[in-house]
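The next block holds one structure in the form of structure tokens; read it before the comments.
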Amino acid sequence: MLKVTVRNLLARKVRLLLSAFAIVLGIAFVAGSLVFTDTMGKSFDNIVYGTVSDVNVRFEDSGQAGLENEVNLDDRSLPASLVQTIADVDGVARVDANVEGMGLFVKKKDGTLLGGTGAPTLAFNWNDAPNADGDQIATISAGEVPRGPDEVAIDERSVENAGYELGDTVEMFTTGAEPQIEARLVGIVEFAGGGLAGATLVTFDTPRAQELFLDGQDAYSSVSVEADPGVSQTELADRVAEVLPDGTEAVTGDDLADETQSIINTVLGFLNTFLLVFAAIALVVGTFLIVNTFSILVAQRSRELALLRAMGASRGQVTRSVLTEAFAVGVLGSTLGLVLGYGLAGLLKALFGQFGLDLSGTALVFAPRTVIVSYAVGILVTMVAAWFPARRAAKVPPVAAMRDDVALPEGTIRKRLIVGMALAAAGAALMAAGLFGDVPRAPAWIGVGIFFVLMAVALTSPVTALPVIGLTGMLNRVLFGAVGRLATENARRNPRRTAATASALMIGLALVTTMSVLGSSVNRSIEAGVDEQFTTDFLVSNAIGQPFSTTVAEDVAAIPGVGEVSAEQNVAFGIDDRSVYGSAVDPAALERIFELNYTSGHAPESTDQIAFNETTAEQLGVGTGDRLELTFPGTELPVTVSGVYADTYVVGPSLVLRDVVEQVGLKRVDSYLAVNASPGADLDEVGDEITDAVAAIPTVTVQDKQEFSDAQRAQVNQLLYLIYALLGLAIVIAVLGIINTLSLSVIERTREVGLLRAVGLSRRQLRRMVRLESITIAVLGALLGIASGLLFGVSLRSAFSDEGITDLSIPWVQLAIFVVVAAVVGVLAAVVPAWRASRLNVLRAIATE
Amino acid sequence: MTTTTVAAQARDLVKIYGKNDAEVHALDGVTLDIHGGEFTAVMGPSGSGKSTLMHCMAALDAPSAGSVVIGDTELAALKDKELTRLRRDRVGFVFQAFNLVPTLTAEENILLPLSIAGRKPDEDWYRQVIEAVGLADRLKHRPNEMSGGQQQRVACARALVGRPSIVFADEPTGNLDSASGAEVLGFLRRSVDEFGQTIVMVTHDPVAASYTDRVVFLADGVVVDELRRPTAETVLERMTALQQRAMGAPQEG
């Protein structure tokens, strides 16, 4: 009997470890996210502080965090004479003028583009300006400073990645008048901040940079100013500001660093929140696993607990003894989670490096906050989860110690149903408020609403599970006879346990189903929209969303067989406090290819007119004839609304004339070209010709209708797969939960298993019995999850129908696959418990008390 | 009782638990024939090896040495799969407690070995057993809705319904009050008399032993005595003698 006790204890250790594993995975995700984003922040800090001067002179608005600066290419410049004026200001020790160029790409030795969709390529004129600490911002670590129009210096990592060596000729692409340039690599340039976070740094000498990025004017984009000793940044900035023309400003190094950091922190915050949402999902699922494990352990120990009570232990003492165990599990899980999370952050770092965000210059940052948060969350979650079973443990009456079969007092199903209904109603209300109401942070409302509904489903699942188990039970019995009947009865025996185990899987699958309904609907909507509106033969665009030189449009137009070419430049501007995207077009050319449906008014006809699509007009609360002011960096443009058109894929949410671009001081480039072949021309031939014409510029690609549609859907699918992968974590934890419940159930039923074996159940039949129970649980979870997911997906879809998800598409085949996968998951989860059950010694099993 | 066939036999059965210094010889060379159509009781003081003997003979446990033959099948030659089949088709069991699967009804429990084997019950035989055991009105009940005596009778019915060549019962009345015990023992007796069933029962209760045809006494892992047509008094006498001998002997492990 001692042997049996020791065995049970050992088995319990494994159980506890399994439930700790749920915490390990959840906390690993929390810690990994924190470590990774801290590391990214540190890496950017280094860059920011390494690259700002005491005072920086620039155009107003150029540092704003709005999306305008992402889309628009600022074409303003500071005259060279200003540099001398600043140098003469009292307290200025040194002045360096900078030329900054965007939209430049380096071609790798193998012909592809360096960087791609990842970190940007930054082009500068070479100078040796010092940063606020007095260190030189850029240094040449090998080779020479670039001089003359045919020399360039590039940072070391980019040179390595592109496969070049000093002395090689490097090909580059710009958005300017010279779309394709070549230069000899003469030097390796290095930033004072250490790493570049994957950005590519390209430097030319000043005249060449002015030629490439400022149309050859003797002008600059910004000026770095160093203060005399004893002159503070603020003092100097004030003095410099006095001599500056309108539209320019002097910003202290500290302010500039803060400003840049806040932009970076916003982006990092998004990333952090995104990752932490999945950590939270994993932890919620893990909670189910822990509640279940502790419930079963308490049930198995109920006689021991009753004995304690009989000997005078108070309820509080019993509760505390269980909670202490939970605390230990929490500490163990959090510790292992932290270690695993550190490794996960390293993995993320490597993964992001693959996508161009190279952080190899910065070691992983292990902040005390990460440790505190991980332990706090891990221990709290474990103890809260163990709280319910612990309280139930305390309710075991002392007399139970004398009784043979101890049943733990359990809350009534009725109470669960009422609480569940209330939760469901609250969740639905929250979702509705987030979807249709005008509340701040709507996604959080929807998220909490979904969480409430899921909890309601989990709570009521002991009831809703019965018909499902009945159905699978019928199937089991027909297919597997007595073994199937036994398995079904085992699953039905403790509906709470079965339901809680299935609920863990339910949550993961509900979210996966929601995403797959939304994804499928988005894809269907894209397809329908493209079919209806994409009336062009070819679309010339930049694969990574960057604009390209206007010379491309000229080249394409010159191809025989090309009929119409409509060029479109993406612009962005502010209206009141909102950022609005728009397309700068030639309306006549546009209408020859696309048919825009004006619900009122007409296309803009002069630079003081603008047209909106319906959604945007509604959001802004404007209509035809209204007057507005568009805010561009450094300038404002008063316009009249000329018309409102039906929402469409082919142009942005607003339309202005192309002349507006130059009028507000932006650089003229093209974002898209819509191309129609002449009537009678051979489409394939024209397509090939256009492809040949742009082949020299790898940033530009040609797509026909199908390719365009595929590319759009590929983007959606990519995001979908990423989310699936992250939700996979929740599924893994759910599988652990099934393994755990089954193993514990088998131990709990040791004598029964022994009896079955004694009356002739073969090992194979026994394994089948456990496996069928496992499949029943998994399929139950899958069906509940898919049902809830369908509910979420369909209601979210209808809420977003105004935002472009016009068509509902339910991926039935995919959902059926989910059920099959769940069944397979059930089979896999049963492998170990079934093996253990079949290994049980028949005699010892019967002897177990 | 006219038959003289041997339903099961043990030859020089040895069962050793533990190793080296901690070695315990639970069975130390038991040779025993169980006659067909007879109700045999195995008795002995605690630690005499009576339960171990039954577990080895019933193919629940493997002996360290010696042989067990059920009918004409030598158990040592069988693999797990064949042992499982033998237990299922040719042996019936009644344990002291926890005989029934709690999730199944009485009827389902009785038919469990047959449905595991995927066999249909012999309707006439099934009805006969149900009638004999007196549970016709309880068939749809689950174990927790029945008394201990009723549960044990269901277990007996389950042991008999597959027409096994031998039934092993391990203290079947150990957990019952005397009235319930008498019901169960009466049923076992009847199944021997009316159906010619072979039954081996381990017990330490002289009253239970008095229902049998033959009592085999075990002490220190060997057969020490045997009694035919026992009464409660004669059994008690022999037991007391055995116990006195044990107390006079050096301490056993």
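Over the stretch A:606-665, the hull volume per residue, using the convex hull of the C-alpha atoms, is 83 Å³.
Computed extension gain for A:ARG94 through A:ASP682, at 0.36 nm per residue and net of the alpha carbon distance, reaches 205.4 nm. Label point 7 Å out from B:GLN128 along Cα-to-Cβ: which residues of the stretch B:182-199 have amide N under 13 Å? Those under the cut-off are B:191-198. Backbone phi angles across the stretch B:219-226, fed through the Karplus curve with coefficients 6.51, -1.76 and 1.60 (θ = phi - 60°), yield HN-Hα couplings of 8, 6, x, 9, 6, 10, 6, 8 Hz in residue order; Gly and Pro are listed as x. Seen against the Cα atoms of chain A and their longest principal axis, helix A:413-436 is set at about 10 degrees.
Measuring between their Cα centroids, the stretch B:104-139 and the stretch A:189-237 lie 94 Å from each other. Rg over Rh for the stretch A:538-703 works out to 1.00, both radii taken from alpha-carbon positions and Rh defined as the Kirkwood radius. Contact-buried residues of the stretch B:103-127, at a threshold of 30 Å² lost accessible area versus the chain by itself: B:THR103, B:LEU104, B:GLU108, B:LEU112, B:ILE116 (1.4 Å probe; DNA, RNA and ligands ignored). Only protein heavy atoms count here; under a 1.4 Å probe, A:LEU790 has an accessible surface of about 30 Å².
Semi-axes of the equivalent ellipsoid for the stretch B:6-248, computed as √(5λ) from the eigenvalues of its C-alpha gyration tensor and ordered from largest down, come to 29, 22, 16 Å. Each principal axis of the Cα atoms in the stretch A:424-528 has its own extent, and those three values, largest first, are 57, 35, 17 angstrom.
Ligands, DNA and RNA are left out, and with a 1.4 angstrom probe the accessible area of the stretch A:260-378 is 46 Å² per residue.
Here, the stretch B:128-229 is characterised by an Rg to Rh ratio of 0.99, where Rg is the alpha-carbon radius of gyration and Rh the Kirkwood radius. The residue list A:ALA734, A:VAL661, A:GLY621 was ranked by how far each Cα lies along the charge dipole of the protein assembly as shown toward its positive end, using unit charges on Cβ atoms, and A:ALA734 comes out on top. Within chain A, DSSP assigns beta bridges of which about 80% are antiparallel (rounded to the nearest 5).
Each residue, A:THR85 and A:ASP659, gets one label point 7 Å from its Cα in the Cβ direction; the gap between the two is 3.0 nm. Kirkwood radius for the stretch B:98-150, taken over all pairs of different Cα atoms as the inverse mean of 1/r, rounds to 11.6 Å.
Rounded to the nearest 500, the 222 nm mean residue ellipticity of chain A from helices alone is -20000 deg cm²/dmol, with -39,500 (n - 2.57) taken per DSSP H run of at least 4 residues. Between amide H atoms placed 1.01 Å from N, distances below 5 Å from A:GLN180 occur with A:THR174, all of them 5 or more places distant or on a separate chain. Rolling a 1.4 Å probe across the protein heavy atoms gives the stretch B:6-248 an accessible surface of 43 Å² per residue. Our summary gives the stretch A:538-703 a relative contact order of 38 percent, counting only alpha carbon pairs under 8 angstrom and 6 or more residues apart. Available extension along the chain between A:VAL813 and A:ASN717 is 32.9 nm, counting 0.36 nm per residue and deducting the alpha carbon span. Measuring r between the beta carbons of A:THR139 and A:ARG578 and using R0 = 56 Å, the FRET efficiency lands at 0.85. Using the 1.4 Å probe convention, the accessible area of the stretch A:672-735 works out to 50 Å² per residue with neighbouring protein chains retained. Gyration tensor analysis over the Cα atoms of the stretch A:678-802 returns equivalent ellipsoid semi-axes of 57, 19, 14 Å (largest first, whole Å). Against the empirical 2.2 N^0.38 Å (N residues), the protein assembly as shown has a Cα radius of gyration ratio of 1.31. Leaving out ligands, DNA and RNA, what percent of the accessible area of the stretch A:229-357 is carbon and sulfur, probe 1.4 Å? Carbon with sulfur: 66 percent of the solvent-accessible area.
Under a no-solvent Debye model with one identical scatterer per Cα of the stretch A:230-388, what's log10 I(q)/I(0) at q = 0.09, 0.13, 0.16, 0.19 Å⁻¹? Calculated log10 I(q)/I(0) at the listed q: -0.55, -0.82, -1.01, -1.19. Chains B and A together bury roughly 2100 Å² of accessible area, counting both sides, with a 1.4 Å probe on protein heavy atoms only. Counted over all Cα-Cα pairs of the stretch A:278-322, pairs farther apart than 13 Å make up 63 percent. The fraction of all Cα pairs in the stretch A:53-251 landing in successive 10 Å bins from 0 to the largest distance is 9, 34, 36, 18, 4, 0, given as whole percents. Taking the 1.4 Å solvent-accessible surface of the stretch A:538-703 as the whole, the part contributed by carbon and sulfur is 43%.
Note on A:ASP246 and B:ASP177: their simple-model spin labels are 10.8 nm apart, each label 7 Å out from Cα toward Cβ. Helix A:763-799 and the longest principal axis of the C-alpha atoms of chain A enclose an angle of approximately 40°.
Restricting the trypsin sites (Lys or Arg not before Pro) of the stretch B:91-144 to loop positions (DSSP other than H, G, I, E, B) with no more than 14 neighbouring Cβ atoms within 10 Å leaves B:ARG119, B:LYS140. With a Förster radius of 25 Å applied to the beta-carbon distance between A:LEU380 and A:VAL277, the computed FRET efficiency rounds to 0.90. Reducing the stretch B:175-191 and the stretch A:283-308 to their Cα centroids gives an inter-centroid distance of 40 Å. Distance between the C-alpha centers of the stretch B:44-86 and the stretch B:142-158? Whole Å please. First find each Cα centre; the distance between them is then 26 Å. When the GluC sites (Glu not before Pro) in the stretch B:60-121 are filtered for DSSP coil states and for at most 13 other beta-carbon atoms within 10 Å of their beta-carbon, no site remains.
Computed from point charges on the beta carbon alone (+1 for Lys and Arg, -1 for Asp and Glu), the dipole magnitude for the stretch B:61-145 about its Cα centre is near 240 Debye.
Overall, the stretch A:538-703 carries a charge dipole of about 400 debye about its Cα centre when +1 sits on the Cβ of Lys and Arg and -1 on the Cβ of Asp and Glu, all other atoms neutral.
Across the stretch B:138-154, rounded Karplus estimates of 3J(HN,Hα) from the backbone phi angles (6.51 cos²θ - 1.76 cosθ + 1.60, θ = phi - 60°) give 10, 5, 8, 8, 8, x, 6, 9, 10, 6, x, x, 4, 4, 5, 5, 4 Hz, Gly and Pro being marked x. Computed over protein heavy atoms with a 1.4 Å probe, the carbon and sulfur contribution to the accessible area of the stretch B:6-248 reaches 49%. Taking Lys and Arg as +1 and Asp and Glu as -1, the other residues whose beta-carbon sits under 10 Å from that of A:ARG713 total -1. Across every pair of non-identical alpha carbons in the stretch B:17-128, the mean reciprocal distance, once inverted, gives a Kirkwood radius of 16.7 Å.
The values are calculated or read from the model by the stated rules, or taken from the named source; none is laboratory data. None of the values given here were measured: they were computed from a predicted structure. Using ideal geometry, Cβ is built from the backbone for each residue, glycine included, and neighbour counts are taken over all protein chains shown. The accessibility values were calculated without ligands, DNA or RNA, using every heavy atom of the protein model including side chains. Shrake-Rupley method; radii C 1.70, N 1.55, O 1.52, S 1.80 Å.
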